[in-house]
1. Might you let me know whether segment A:41-56 holds any residue that is on the phi < 0 side of the Ramachandran plot, surrounded by fewer than 22 Cβ atoms within 10 Å (Cβ to Cβ) and in a helix (DSSP H, G or I)?
2. Residues that are surrounded by 15 or more Cβ atoms within 10 Å (Cβ to Cβ) and on the phi > 0 side of the Ramachandran plot, at least 1 per element: which strands (runs of 3 or more DSSP E) completely within segment B:98-168 meet that?
3. In this structure, is residue B:224 modelled with pLDDT of 95 or more, more than 30 Å from residue B:110 (Cβ to Cβ) and either surrounded by 20 or more Cβ atoms within 10 Å (Cβ to Cβ) or not assigned by TED's automatic domain parsing to the domain that holds residue B:121 (or both)?
4. Test each condition in (1) closer than 18 Å to residue B:416 by Cα; (2) part of a helix (DSSP H, G or I) for residue B:646 and report the one that comes out false.
5. Having 2 or more residues that are within 13 Å of chain B (Cβ to nearest Cβ) is the bar; report the strands (runs of 3 or more DSSP E) wholly within segment A:57-164 that clear it.
6. Could you please let me know if residue B:50 is in contact with a strand residue (DSSP E or B) (Cβ under 9 Å, 6 or more places away or on another chain), under 25 Å from residue A:85 (Cβ atoms) and in contact (Cβ under 8 Å) with a residue 60 or more places away in the chain?
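The values are calculated or read from the model by the stated rules, or taken from the named source; none is laboratory data. Everything quoted here is computed from the prediction, not taken from an experiment. Cβ atoms come from the backbone with ideal geometry, glycine included; neighbour counts cover every protein chain shown.
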């Protein structure tokens, strides 16, 4: 029933409703990429991603030996921390032959919160954000002694190269930190680098349609509200006239 | 001396009033985010931005363990303990001074905290009054450093806060070197060799960003909205005597002009005579009766209005006989959308665990199910109001509205006064979110009070009782079969884009009680819901003359009581008791007459949930009552919250700003209200519930069968709400406020209809 009143208002204000089609079509054309003047994120492109998993192990592997290497997961987690350090960033950039400023390291360990609160939550988000064309994200798969490099780069080939460079840098860091040559750990790859080129699409077509529909609905709501305000406005103006007329009628 | 000219035309008065309110609101908003000086005249933006940064520090032995294959678990356990020690050392006075010095700050401006990150129950880490006082003092400082020792690794996470990003990063980067310097100083004092010192290795330079984006806009909007509402209210109240005088001077016939207008009110022709407007769409479609002839001065479209409306009465007072044919009949025989939408909303409130259901998409705000449904209801309501017509909502002010407004006002006052302080402690966002939730509750109340007709209220009360019974039966099923039907059905019915929380049916709490929560998030929520539904059944029982109806209502009472008992909470005794006491206050004799039936109801209740009532009663025995943590936690809150209460006694620390993650879990709504909204807010909260009871008194006293039953139910529900407010933080669990305000809204409909009736009687006499 209420909708019929609303539709009645829209019918009476059909010119205003029709005007709403202009911004609606405009937003649909912009979001669906039919207008070249669309904002930058609407451009369709591709990006490269790569993943490499390595295992932190003893030179003589601990896998078949029961009880061996029980602290390896802890060491892997600490190495993941170190792998995202500034020193490693420089080393990886050098090995991958990219400018150090173009490489960002995502610190997954810092983003893990151990106690909640506004400051740690927001500061962790602030420190985790990386805006660079090349990004390496390092995480430890606790409780396993496995470190994972997730890489994003402009192309799949570069991403794969960066992942390989990250592994090599970690190997070097592990060797450098070993107390003695025969007491150090080793980094063993778990499979090769997996890379792919993924499309960076703009919004899916349905989003453009949905946005246009929502905009048009909001426009219609605005028309109805405007009609209500005008009605109230006229009613306020009509009060003295009605009162005077009623006064005259009483006097008569 | 010349007087300020007072606009004579009503339209000009409205323009002048609106302009005045807008100017005041804008001025207050600008002043809230800018520092305005008169000598010399100037305006400067206040420092409101807050930056945060994070850094990670590894703790290691001089001979690194990170890449040592001979390192043992014992080595790492020792190192981890050392890391926790380092974290605690970092926040001590001497190290804090070193950090401040390195960061170029005054140590007095730097607050440092270390958090407990080990696997410890939250209750053990809750601050007592002394620690809370320290927390509050530190929260006022512009620079903060928080250290979190990693619970598994020998590492520390350092989070800092400062007015600028550079300062926040500098502060985070200063922490590890300052501690290192302190350790070196300690070592040299004690003659320890540097080679044996613990190694602190920061993994990278701290990175930061602004962490309160949008705060300036939030503070501006909060202040402006508050001043706009306040000034509008003051203006309306100040001009009321003048309006009343004018109304008294005008003859009653003039009130025809105030009656709801037809779709198109009379309008002076601009370019000569205009043709009569087309017949409204609803009438064309044959959905609205077109019987009434056009009235002089009204267009033909006005004939769509029932004749009673044209005669000056409200469309809500059209004859009940004429309504069904026009589609404007009483719910459930109506095509009006709003009553159906409200019925659907209440079905969600009673039967769906909506507070644990939310969209799986990542959005800036938590979109719980109720916050997805309610905006549509409010939108339809606003559109219907704007479009006008016979089905349009009718806004009528009652004392209950004023009570609800007082709560909103108290919340806004507390936030406006504390907005800048809350921004500095990063709590403003939480408060604004909670304010949105409060707005949802109030929106439901306003929509109910203006959209439901007086003649529809009994049907809605029966519907509410039906929902309460389904809720109660589901809760009993959960108790008997450890199967939560509400959670399970929601999981089955809702599409994959919604995630539903875990019911954990069959689980037990710390003190061995079953966790039976029905559609609520916690068992106490289910108790509160059922307690608010109980009075409808009891009042129905009191008012039933026929045996069959009496039996049915008696069974309903037994089912609701059994469901409440099945939660095994002490409140399951206290909340229903408050309902019976309230009803006994108003209807002593009638309740006493039902005493024999009460025995039967008790037996039935015991049969429905065997053992539950005994468990509840056994918890109230002296020894057990005082020994359980649920009681001791609550009593310990009284002392622990003193710093919060006395720091902002009158207006509180800000609505919705008390966070349990950094402070305590407050299990009492009244105490939480006192902390957050102060004595003024607590008074407003109690007054809101008081106005419900006060508004209900007249219909109860007059004993008109229909109205008194509704008023009795609403009054008892309000008292139950007050009682559960002393037992748990009821406003944090939306089922209860929605149900409470739904009942209050129905009562407001009754009260305003009664007022209209009295006014009509006054005029006719």
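1. Yes - at least one qualifying residue is present in segment A:41-56.
2. No strands (runs of 3 or more DSSP E) qualify here.
3. yes
4. (1)
5. Passing ranges, in order: A:103-107, A:134-140.
6. Criteria not met by residue B:50.
Quick grid of which residues meet (1) at pLDDT below 90; (2) not assigned by TED's automatic domain parsing to the domain that holds residue A:217:
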{"position": "A:10", "(1), (2)": "no, no"}
{"position": "A:20", "(1), (2)": "no, no"}
{"position": "A:31", "(1), (2)": "yes, no"}
{"position": "A:52", "(1), (2)": "no, yes"}
{"position": "A:55", "(1), (2)": "no, yes"}
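Per-residue answers, yes or no, for (1) without any contact (Cβ under 8 Å) to a residue 60 or more places away in the chain; (2) under 29 Å from the mean Cα position of the chain (by Cα):
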residue: B:696; (1), (2): yes, yes
residue: B:704; (1), (2): yes, no
residue: B:709; (1), (2): no, yes
residue: B:718; (1), (2): yes, yes
residue: B:731; (1), (2): no, yes
residue: B:743; (1), (2): no, yes
residue: B:751; (1), (2): no, yes
